[in-house]
Amino acid sequence: MLKMSRLTDYGTGVLAYLAAAEQVPHSASEVAEQTGLPAATVSKILKLLTRGGLVSSQRGAQGGYLLARPATDITAAEVLDALDGPLALTECSVETGSCELEASCLVGNAWQRINVAIRGALDEITLAELANMQAGYRPRVDLRAIVSSPGKLARLERG
């Protein structure tokens with residue numbers, strides 16, 4: 001099953017919140033409060049997104065975090081790369097020559113082609129589309145609503 005991590009799911013919600021902020025910096029604690037995520041989780045996500053070049057941070061009294069580029073210029077593939085690392089369906093999908101069985105493998109080339117096709121599809125979807133901002137819709141992102149069980153909520157709160 002192809003599945004993104006919970007951190008990427010939450011990170012997309014954080015990015016959607018920042019996208020709706022229209023270039024106004026927000027503190028990590030404010031983002032945590034508004035998204036319903038624990039502050040430690042939001043801090044971790046913001047660090048990864050900053051390192052990935054999707055978010056920038058400003059210091060000082062008027063500082064905080066904001067998108068490094070418009071939401072229409074950030075792709076779903078970039079979000080996955082920043083939070084989960086490069087998309088790889090199989091070990092050999094990351095790059096040619098990364099698997100010791102590559103020379104004799106009969107299916108590796110097919111998985112590499114599938115990986116490229118999925119990456120291409122993710123490159124065509126923008127953060128603006130992920131955040132459903134196309135028609136001016138600006139939802140309040142509250143990720144607690146997606147947590148279905150007390151155990152999951154406890155894990156979420158622990159970060």
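The values are calculated or read from the model by the stated rules, or taken from the named source; none is laboratory data. In this text the structure is predicted, and so the values were computed from the model without any measurement. When we count neighbours, we look across all protein chains shown, and the Cβ atoms used for this are built from the backbone with ideal geometry, even at glycine.
Structure above, values below:
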quantity	calculated
Single condition Leu66 does not satisfy, out of (1) in contact with a Pro (Cβ under 7 Å, 6 or more places away or on another chain); (2) closer than 29 Å to Ile118 by Cα; (3) free of Cβ contacts under 8 Å to residues at least 24 places away in the same chain	(3)
Qualifying residue in segment 71-88 (condition: in contact with a helix residue (DSSP H, G or I) (Cβ under 7 Å, 6 or more places away or on another chain) and modelled with pLDDT under 85)	yes
Segment 10-28: number of residues that are within 17 Å of Thr126 (Cβ to Cβ) and either in contact with a strand residue (DSSP E or B) (Cβ under 7 Å, 6 or more places away or on another chain) or at pLDDT 90 or above (or both)	11
Subset tally (residues that are over 17 Å from Asp9 (Cβ atoms) and in contact with a strand residue (DSSP E or B) (Cβ under 7 Å, 6 or more places away or on another chain)) for segment 29-62	4
Selection status of Ala145, hydrophobic (A, V, I, L, M, F, W, C) and at pLDDT 70 or above	no
Selected residue (criterion: surrounded by the most Cβ atoms within 10 Å (Cβ to Cβ)) from residues of segment 39-73 that are within 13 Å of the chain's Cα centre (by Cα) and not in a helix (DSSP H, G or I)	Leu54
Answer residue from segment 117-131, given it is loosely packed, with under 13 Cβ neighbours inside 10 Å and closer than 21 Å to Ala68 by Cα and is modelled with the highest pLDDT among those	Asp123
